[in-house]
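Have a look at the structure below, then the notes.
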Amino acid sequence: MKNMRRLAAILISVLMLVQPVMASAPAAEGAEKAGQGIYGLFAVTFEGYVVEATDITSVLGLFEDGSGFFTVNNEGRAVDEWSLEGNQLTVKTDEETLTGTLTDGIIALDYKEGGTFYYAADGTDTSSVPVMTKEEFAEAWEKAQSEDPKKVMAGDYRLTGGYFEGKDITDEVLAAMDLLGLEVRLTLNEDGTAQFSFMGETLDFTWEADNLNSNDEDISITYENGVLTLTHGEEFLTFVKKTDDAAAADDAAGAETADGEDKDEDKKKEKEKVKIGAEEYEQDAQDEQDAQDEQDAQDTKDTIAGYYKLVKTEQNGSATDATILSEIGLEIYIVLNEDGSGKMNLFGADMDVTWDEESIMFNDEKASYECADGKLTITSGDARMYFEYAGTPEEAPRA
């Protein structure tokens with residue numbers, strides 16, 4: 001699906017839905033259908049916490065005729081139908097049906113992927129939702145991790161010693177096992193499952209922070225200072241996490257190779273000087289050409305860089321006035337920076353764009369444009385968007 005055409009189609013459908021709503025009643029009487037309005041995302045659930053929405057933007061529009069729209073970051077689509085029974089909200093699109101609640105101007109919408117998005121109408125008091133800042137969430141998450149021993153203990157372990165069948169497992173025994181390729185491996189997974197591997201055989205267990213469940217045998221687990229011990233009667237096995245051991249081995253290997261690298265450093269430098277000398281003339285010439293090309297392109301970009309507001313959309317001969325969106329507090333605009341980067345803002349969600357003297361790129365789609373006398377027209381197929389210059393890139397909202 002072409003992004004530019006899809007964007008224009010969504011804009012047109014949304015604008016056509018907004019216009020009857022705006023014209024049907026004055027603002028003071030806009031509640032003819034309970035729940036209608038424009039709602040902005042302010043919080044999301046993550047790992048069981050309600051966290052402020054700083055890394056995601058979303059707008060949900062519910063119109064009087066039961067239709068609407070919503071956007072999530074750079075993606076937007078129309079709402080085919082929505083309904084409110086009591087405080088139970090249902091939102092249907094062509095892809096999914098979402099359910100949630102609407103209470104005191106706050107929408108809590110559940111997503112199939114897990115988690116809840118919290119939206120609020122402009123000016124709504126959201127203090128009833130216990131929202132954490134990102135910093136508060138990070139602190140709470142770190143504390144929860146440290147207080148959950150299973151999260152700390154989970155991982156892959158290697159055998160380091162013990163006492164089994166009347167014999168001590170010494171370093172000499174472990175060395176002999178390594179020579180024979182007899183690896184003993186213990187894996188504890190966060191979901192409570194575990195695997196014990198020895199001589200190519202793997203046994204499955206379940207585990208808790210203090211015991212390993214195996215055929216009703218009482219195998220206790222202790223974990224202290226990074227050492228995990230399995231104990232059954234007088235027998236015990238000790239393990240350390242393989243990741244910890246591997247990191248130490250990598251550090252040692254890095255220190256050893258550093259000595260060898262130092263010895264060859266002078267030779268490498270000499271070779272590099274010869275290589276640079278051989279390429280120097282061609283590189284200087286290429287740099288001059290690249291600089292001129294960049295300046296030529298920059299001169300072109302400087303002429304149209306700016307912040308532009310959407311005033312009209314057109315598709316299949318149907319034109320729609322976009323300025324009506326400002327009456328409900330929404331702005332659609334595009335920013336073209338002098339360096340060829342930019343963004344398209346749709347209902348508070350940003351879509352990255354790039355541009356040059358010939359075209360504007362929306363994700364992977366190239367659209368043509370014309371710009372003259374402060375008027376910018378972007379065209380893709382039969383879809384057009386008309387913008388007017390509103391200021392420099394620095395003067396754009398959220399610049």
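The values are calculated or read from the model by the stated rules, or taken from the named source; none is laboratory data. The shown structure was predicted, so the numbers you read here are calculated from the model rather than taken from an experiment. Positions of Cβ are backbone-derived with ideal geometry, glycine not excepted, and every protein chain shown enters the neighbour counts. To get the accessible areas, we keep the full protein, side chains included, count just its heavy atoms, and leave off ligands, DNA and RNA. Shrake-Rupley method; radii C 1.70, N 1.55, O 1.52, S 1.80 Å.
Please indicate, with yes or no, whether at least one residue in segment 195-211 is among the small types (Gly, Ala, Ser) and touching a strand residue (DSSP E or B) at 6+ places or on another chain (Cβ under 8 Å).
Yes: segment 195-211 contains one or more residues that are among the small types (Gly, Ala, Ser) and touching a strand residue (DSSP E or B) at 6+ places or on another chain (Cβ under 8 Å).
Tell me yes or no: at least one residue of segment 219-229 is at positive phi and at pLDDT below 85. Yes, there is a match, as at least one residue in segment 219-229 is at positive phi and at pLDDT below 85.
Within segment 188-218, how many residues are small (Gly, Ala, Ser), at pLDDT below 85 and over 20 Å from Gly161 (Cα atoms)?
Filtering segment 188-218 down to residues small (Gly, Ala, Ser) leaves 192, 194, 197, 200, 209, 214.
From the residues that got through so far, the ones that are at pLDDT below 85 too are 200, 209, 214.
Add one more test, that the residue is over 20 Å from Gly161 (Cα atoms), and what stays is 209, 214.
Count: 2.
Looking at Gly40, Gly68, just one residue is modelled with pLDDT of 85 or more, small (Gly, Ala, Ser) and farther than 30 Å from Ala140 by Cα, and that residue is Gly68. Taken over segment 172-192, residues that are open to solvent by less than 90 Å² (accessible area, probe 1.4 Å) and either among the aromatic types (Phe, Trp, Tyr) or part of a helix (DSSP H, G or I) (or both) amount to 5. Only one of the listed residues (Asp251, Asp262) is modelled with pLDDT under 50, open to solvent by 70 Å² or more (accessible area, probe 1.4 Å) and farther than 30 Å from Gly166 by Cβ. That residue is Asp251. Across segment 125-171, which residue is farthest from Ala209 (Cα to Cα) among those that are part of a loop (DSSP other than H, G, I, E, B) and open to solvent by less than 40 Å² (accessible area, probe 1.4 Å)? That would be Val129. Would you check if there is a residue in segment 377-390 being within 22 Å of the chain's Cα centre (by Cα) and either on the phi < 0 side of the Ramachandran plot or open to solvent by less than 10 Å² (accessible area, probe 1.4 Å) (or both)? No - not one qualifying residue is present in segment 377-390. Just wondering, is there one or more residues in segment 88-102 that are in contact (Cβ under 8 Å) with a residue 24 or more places away in the chain, of a type outside the set (Asp, Glu) and open to solvent by 50 Å² or more (accessible area, probe 1.4 Å)? Checked against the condition, which is being in contact (Cβ under 8 Å) with a residue 24 or more places away in the chain, of a type outside the set (Asp, Glu) and open to solvent by 50 Å² or more (accessible area, probe 1.4 Å), segment 88-102 yields no hits at all. In segment 140-159, is there at least one residue being within 18 Å of Ala53 (Cβ to Cβ), among the hydrophobic types (A, V, I, L, M, F, W, C) and within 27 Å of the chain's Cα centre (by Cα)? Yes, that holds for at least one residue. When restricted to residues that are surrounded by fewer than 17 Cβ atoms within 10 Å (Cβ to Cβ) and within 22 Å of Asp321 (Cα to Cα), segment 346-359 contains 1. The residues in segment 360-371 that are surrounded by fewer than 20 Cβ atoms within 10 Å (Cβ to Cβ) and at pLDDT below 90 can be counted, and the count is 5.
Screening segment 55-111 for strands (runs of 3 or more DSSP E) wholly inside it with 3 or more residues that are polar (S, T, N, Q) returns the ranges 97-103.
Any residue at all in segment 76-91 that's modelled with pLDDT of 70 or more and of a type in the set (Lys, Arg)? Yes; the residues of segment 76-91 include at least one that is modelled with pLDDT of 70 or more and of a type in the set (Lys, Arg). Every condition in (1) outside any helix (DSSP H, G or I); (2) closer than 17 Å to Thr238 by Cβ holds for Gln195 except the one numbered (2).
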